[in-house]
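The values are calculated or read from the model by the stated rules, or taken from the named source; none is laboratory data. All values reported here derive from a predicted model rather than from experimental measurement. With ideal geometry, Cβ positions are generated from the backbone for all residues, glycine too; neighbour counts draw on all protein chains shown.
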Amino acid sequence: RYEITQREVTAEILPGVRTRLWTYGGTFPGPTIESRRGRPVTVSHRNELPVPTVVHLHGGRTPAASDGYPTDLVLPEGWSGGHGEHGGHGQGHAMHDPRAVTTDLTRDYTFPLDQRPTLLWYHDHRMDFTAPAIWRGLAGLHIVRDDAEEALGLPAGPRELPLMIADRAFAADGSLDYPSLDPTLRGRPGVREPYLAGVLGDVVLVNGAPWPVHEVDAARYRLRLLNASNARHYELAFVDEGDGRTVEFLQIGADQGLLAAPVKHFALPVAPAERYDVVVDFSRFPVGTLVKLVNRLGSGRTREVMAFRVARKAADDSRVPAVLSTDLPTWRRSEAVRTRDFSFRAGRMGEDGGHGWLIGGLPFDPARSDVTVRLGDVEIWRLVADVHHPVHLHLTGFRILSRGGEAPFAHDGGLKDTVSLRPGESAEIITRWEGYRGRYLFHCHNAEHEDMGMMANLQVT
Ligand code: C2O
Ligand code: CU
Ligand code: CU
């Protein structure tokens, strides 16, 4: 059991200035929770922020009551309604779904964690307001472990580093700069929606710090990468600062845990909400080498992510076994009882509405039923995108069957909960619905797209 108070704090993120943050428990990222597979955890959240919140455990197989439905609010003290707030990109009707609104200042979320060990993350999920809430700091890590994974001998302890990568923009006084729309302009003819692509920052933070340098032993390290950015895509690579060469590394896991076998890469594209588990061998470098983690899609300050300084020679008894896991589901096409099609595209929200992001032509509506699936069924979903959309499904893990009608990429293996659709691309995913009955969601994990309607209800019966 954990207790987390959501509260405002100020912290020094950039040298010499203070930044006001919304936090889980006073820090950004929030406290990292470490759990054992199948051992239920209850996290009690108390809301001392000035706005309602919702907590979602991303990647968790969680009963619907604890999954953080966007209108299932933890209210702050004295909260009297959703008006007069700024900073959201949504349509502002979130407060009017009477079915799921709680009135508590505290809320217990219970997670059975009966699932493959992996890196999960928890973050805000309030309707129309998820993006600004995460931007202000409402995100944290949750690691699930089990004996089988620990018996593999992968790098562990101080040689296992979870890295939450997220970009932010700062005003001169240190405050977080979240560009908000003037709500009176929304939907006016001729007024361009300026944040259609989502909100990007110009400073990359790793675990809340700008461009950190981490001292490492000349040994293998397990880096558990999460892109917790609202909208930024990265292509991550390790570069030896000495000779400028790009360094090979091993991918050992995806969103939902270990791969069957390691896969070699020189670079990895990482979309918002995706996780990649990788092993880098720093023993290949002479002591003193600076190895940079760079974002090949960035330039200037968004190109640098962090650096590792190889500080000392050290013994290393870690291993990366040729077989990492044998429990990956192998659903075949012939098992699927249904194929569904979903488009992820920009469009108009309603008659005189502004631009929004739509699934199957519709913006999110908590009162509408979109998709009903049956527990135990295997389904194939065909997803098609206009621009970049990282599509995330709650409750389930899936496998990527194809991209653009062809075989998926080398980094698409394993069990996923988020698939990065590239502009104009279609992809097929396959899953078996397992876990719990109830109301869940699927959505684009570009947080601004999500707030601007690109989300739909998923009813599991
Ligand atoms: Cu990362 Cu619906 O969530
Ligand atoms: Cu999720
Ligand atoms: Cu999107």
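Laid out as a table, the results:
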read-out	value
Residue among Gly140, Gly90 that alone is of a type outside the set (Asp, Glu), crowded, with 16+ Cβ neighbours inside 10 Å, within 15 Å of ligand 1 (Cβ to nearest atom) and modelled with pLDDT under 95	Gly90
Test set (1) away from ligand 2 (no atom under 16 Å from the Cβ); (2) within 24 Å of His445 (Cα to Cα); (3) in contact with a strand residue (DSSP E or B) (Cβ under 7 Å, 6 or more places away or on another chain) - Thr27 fails condition number	(3)
Search result, residues across the stretch 1-20 that are in contact with a strand residue (DSSP E or B) (Cβ under 8 Å, 6 or more places away or on another chain), surrounded by fewer than 18 Cβ atoms within 10 Å (Cβ to Cβ) and of a type outside the set (Asp, Glu)	Arg1, Tyr2, Thr5, Arg7, Val9, Thr10, Ala11, Leu14, Val17, Arg18, Arg20
Residue within the stretch 397-410 that is closer than 25 Å to Thr326 by Cβ, away from ligand 3 (no atom under 11 Å from the Cβ), outside the structural domain of Gln256 (by TED's automatic domain parsing) and acidic (Asp, Glu) present	no
Test: residue in the stretch 406-424 that is small (Gly, Ala, Ser) and within 16 Å of ligand 2 (Cβ to nearest atom)	yes
Output for the stretch 21-32, where each listed residue is part of a strand (DSSP E or B) and buried (at least 20 other Cβ atoms within 10 Å of the Cβ)	Leu21, Trp22, Thr23, Tyr24, Gly30
In the stretch 126-168, the residues that are of a type outside the set (A, V, I, L, M, F, W, C) and either within 16 Å of ligand 3 (Cβ to nearest atom) or in contact with a Cys (Cβ under 8 Å, 6 or more places away or on another chain) (or both)	Asp128, Thr130
The stretch 110-137, residues that are more than 21 Å from Val204 (Cα to Cα), away from ligand 1 (no atom under 15 Å from the Cβ) and not in a strand (DSSP E or B)	Pro112, Leu113, Asp114, Gln115, Arg116, Pro117
Subset of the stretch 40-63 (residues that are surrounded by fewer than 21 Cβ atoms within 10 Å (Cβ to Cβ), in contact (Cβ under 8 Å) with a residue 60 or more places away in the chain and either closer than 15 Å to Ala133 by Cα or touching an Asp or Glu at 6+ places or on another chain (Cβ under 9 Å) (or both))	Pro40, Thr42, Ser44, Arg46
Strands (runs of 3 or more DSSP E) lying entirely in the stretch 383-461 (those with 2 or more residues that are among the hydroxyl-bearing types (Ser, Thr, Tyr) and under 18 Å from Pro269 (Cβ atoms))	418-421
One residue from Phe409, Phe398 being surrounded by fewer than 16 Cβ atoms within 10 Å (Cβ to Cβ) and modelled with pLDDT of 95 or more	Phe409
Unmet requirement for Thr53, which otherwise passes all of (1) within 23 Å of Leu105 (Cβ to Cβ); (2) away from ligand 1 (no atom under 16 Å from the Cβ)	(2)
